[in-house]
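Values quoted throughout were computed directly from the atomic coordinates according to the rules given, and no laboratory measurement underlies them. As the structure is a computational prediction, the values presented were derived from the model and not from experiment. We place every Cβ from the backbone using ideal geometry, glycine too, and count neighbours over all the protein chains shown.
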Amino acid sequence: VGEVKSRSRMAPSAVFWLVLGGLYFFIPLLTTFLFSLKSNQTGTCCTAGNYSWVIHNGLFWHSLKISFLLALETIAISLVLFVPTIYWVHLKVPKLRPVLGFLALIPFVVPPIVMVVGLLKFYKGSPSWFYGQPWGFLAGAYVILAFPYMFFSLDAGFRSIDVHTLTEASQSLGASWTTTLFKVILPNIRAAALAGSFLALAIVMGEYTIANLAAFHTFPIFIQYVNETQGFPAGALTLLSFGITWAAMGSLLLVGRKRGARAATIVGAR
Amino acid sequence: LFHHPYVDAYWGSIKLSLITSAIGGIVGLFIAYAALREGTPKWIRSTLTTFSGVAANFGGIPLAFAFIATLGPLGVLTVFLKNQLGFDLGAHGFSLFSMTGIGLAYLYFQLPLMILVIAPAIDGLRKEWREASANLGASQLQFWRYVGVPVLMPSILGAMILLFGNSFAAYATAYGINSGANLITIFIGSYYSGNVLNNPHLAQAMAFGMFVVLAVMMVVYIPLQRRAARWAK
């Protein structure tokens, strides 16, 4: 009788690959941290000067505020547009679901650099309150960019509930469409909507390509500006940006424990 | 568009994407398998998934800077290797600003993406198949040769195509490391908004060219996706 192999021991090759992967992922973070502790004047270790430089920098707060407000605007527009749409599609025209799914793949496949070139060309000559303001043009572009993530989150959320029964029950009790949507449907897809929102937040806070070509001063543009002109403080900003991604993904996992929030978790800030 | 610098830039982008998707795909596969296989504690698996989710999203300018701080001429690792171990990366022909350097940075989002995409497929390798092949007298190697790899192949290729598109479309990371890199996305960026080379129409043409490459990629991807779905329940 052959012996059953012990299952509690890890295979040596597994250890090798995991250690290799771990080193590759953690070394850049560790070195960025060490880098951020160096003095901007002398280049020697160790000072928290770069962090205080960041905190006392008006441009930092300004760009962070723009990016954050943009993220909130993108999330608000996306939810207002997509929640009723996807609800309607699930309820009345399920045939359109694959069509929406296909449309949602397009922003995922078309690179941001290609998209921004097309959008800038298309909207050239539109009124300046739209074209010249981050709240107009950039928010619009980000809604498109966030569409796949919103769609796949919300779609999974709607699939996990019984849309027909809920709607019929609510209507036979005399509720109007708005009451049904706000009091019955929304609470049931809350986790999915939150998941989509956190993904949108991560996208907008890290998006560089579109903001750069459309010449708006968002947070990633500020990081690049510091990166080019100052050196060491950029390390502090990089870690902060990593922290934002980490927070958004962490929140996503927390809401993901609830039902219906399983969704695509890869966003595109490359 | 079919002239000297543009063809080179397309070729540069395609080469970089092929190499990073191949390396990222293969190494990512091994890491994912190492984390998912029997014997590896459960917490490693959940940590890896969470971390991959974060790292796959950590792209662009911050990533570029993290690599400049690590392997740039003044990077912490470069200086450490030189002063403590007497190993001069620059003298051995490594530069972060070269294609190798950019590729190394790209792997930071390519590897985790591969891990995220391939993990469900590896989970789909059912234990019964391995037991069945062992019962029929197959060795580990034979199992992989005749069962494991053929079943996973469509998923692996599909995932690699995703990685290809992912790195083909990348702009901010390369721009942050070397704003003069010979990549098509950098070309489009500088022709569109550059001070010296301002030619938006050419940028539009180049953008359309990228779109064609990606459309071809999708045409290959969709049938692979169908085949990969065959073994999913």
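Brief remarks follow.
- Quotient of Cα Rg and 2.2 N^0.38 Å for the stretch A:61-204, N being how many residues it contains: 1.16
- Exposure proxy shown here: for B:Trp11, A:Trp17, A:Trp129, the number of other Cβ atoms within 10 Å sets the order, fewest to most, as A:Trp129, B:Trp11, A:Trp17.
- Phi-based couplings in Hz for the stretch B:129-134 (Karplus 6.51, -1.76, 1.60; Gly and Pro marked x): 5, 5, 5, 4, 5, 5
- Spread over its residues, the convex hull of the C-alpha atoms of the stretch B:1-138 is 196 Å³ per residue.
- Restricted to Cα atoms, the stretch A:112-270 shows a radius of gyration and a Dmax of 19.3, 65 angstrom.
- Computing FRET efficiency as 1/(1 + (r/R0)^6) for A:Leu91 and A:Ala11, where r is the C-beta to C-beta distance and R0 is 51 Å, gives about 0.50.
- Only Lys, Arg (+1) and Asp, Glu (-1) charged, at Cβ; the protein assembly as shown dipole about Cα centre in debye: 1240
- Figure legend: label point modelled 7 angstrom from the Cα of A:Ala76 along Cα→Cβ; residues of the stretch A:118-146 with amide N under 14 Å from it are A:135-136, A:139-140.
- Cβ-based charge dipole, the protein assembly as shown, positive-most Cα from A:Val114, B:Gly180, B:Ala69: A:Val114
- Model label points for A:Tyr131 and A:Leu20, set 7 angstrom from Cα along the Cα-to-Cβ axis, are 5.2 nm apart.
- Computed 3J(HN,Hα) for the stretch B:65-71, one whole-Hz value per residue from the Karplus formula 6.51 cos²θ - 1.76 cosθ + 1.60 where θ = phi - 60°, is 5, 4, 6, 5, 5, 8, 10, glycine and proline marked x.
- For the stretch A:197-209, backbone phi angles converted through the Karplus equation (6.51, -1.76, 1.60; θ = phi - 60°) give residue-by-residue couplings of 5, 5, 5, 4, 4, 4, 5, 5, 5, x, 6, 10, 3 Hz, Gly and Pro being listed as x.
- Largest first, the extents of the alpha carbon coordinates of the stretch B:45-96 on the three principal axes equal 38, 24, 16 Å.
- Other residues whose C-beta falls under 13 angstrom from the C-beta of B:Pro200 contribute a net charge of +2, scoring Lys and Arg +1 and Asp and Glu -1.
- Pairwise label distance in nanometres, B:Phe80 with A:Ser172, each label 7 Å out on the Cα-Cβ vector: 6.7
- Straightening the chain between B:Leu18 and B:His4 buys 2.9 nm, computed as 0.36 nm per residue apart minus the Cα-Cα spacing.
- Fewest-first sequence of B:His4, A:His62, A:His217, A:His164 by Cβ atoms within 10 Å of each Cβ: B:His4, A:His164, A:His62, A:His217
- Three semi-axes of the equivalent ellipsoid, the stretch B:122-177, Cα gyration tensor, whole Å, largest first: 37, 9, 9
- Rg in Å to one decimal, and Dmax rounded to a whole Å, for chain B via C-alpha atoms: 20.6, 69
- Dividing the Cα radius of gyration of the stretch B:90-186 by its Kirkwood radius returns 1.19 for Rg/Rh.
- Where Rh is the Kirkwood radius over Cα pairs, Rg/Rh for the protein assembly as shown: 0.98
- Charging the Cβ of each Asp and Glu at -1 and of each Lys and Arg at +1, and nothing else, the dipole of the stretch B:27-147 about its Cα centre rounds to 180 debye.
- Each of B:Leu16, A:Leu96 was scored by other Cβ atoms within 10 Å of its Cβ. Arranged with the fewest first, they read A:Leu96, B:Leu16.
- Cα-only Debye scattering, the stretch A:13-131: base-10 log of I(q)/I(0) at q = 0.13 Å⁻¹: -0.98
- Axis of helix B:4-36 versus longest Cα principal axis of chain B: the two differ by about 30°, to the nearest ten degrees.
- Dividing the helix sum by the residues of the protein assembly as shown, where each DSSP H run of 4 or more adds -39500 (n - 2.57), gives a mean residue ellipticity at 222 nm of -23500 deg cm²/dmol.
- Local charge for A:Gly136 was computed over the other residues whose Cβ lies under 15 Å away, with Lys and Arg +1 and Asp and Glu -1, and equals 0.
- Each of B:Lys42 and A:Glu228 was given a label point 7 Å from its Cα along the Cα-to-Cβ line. The distance between the two points is 5.1 nm.
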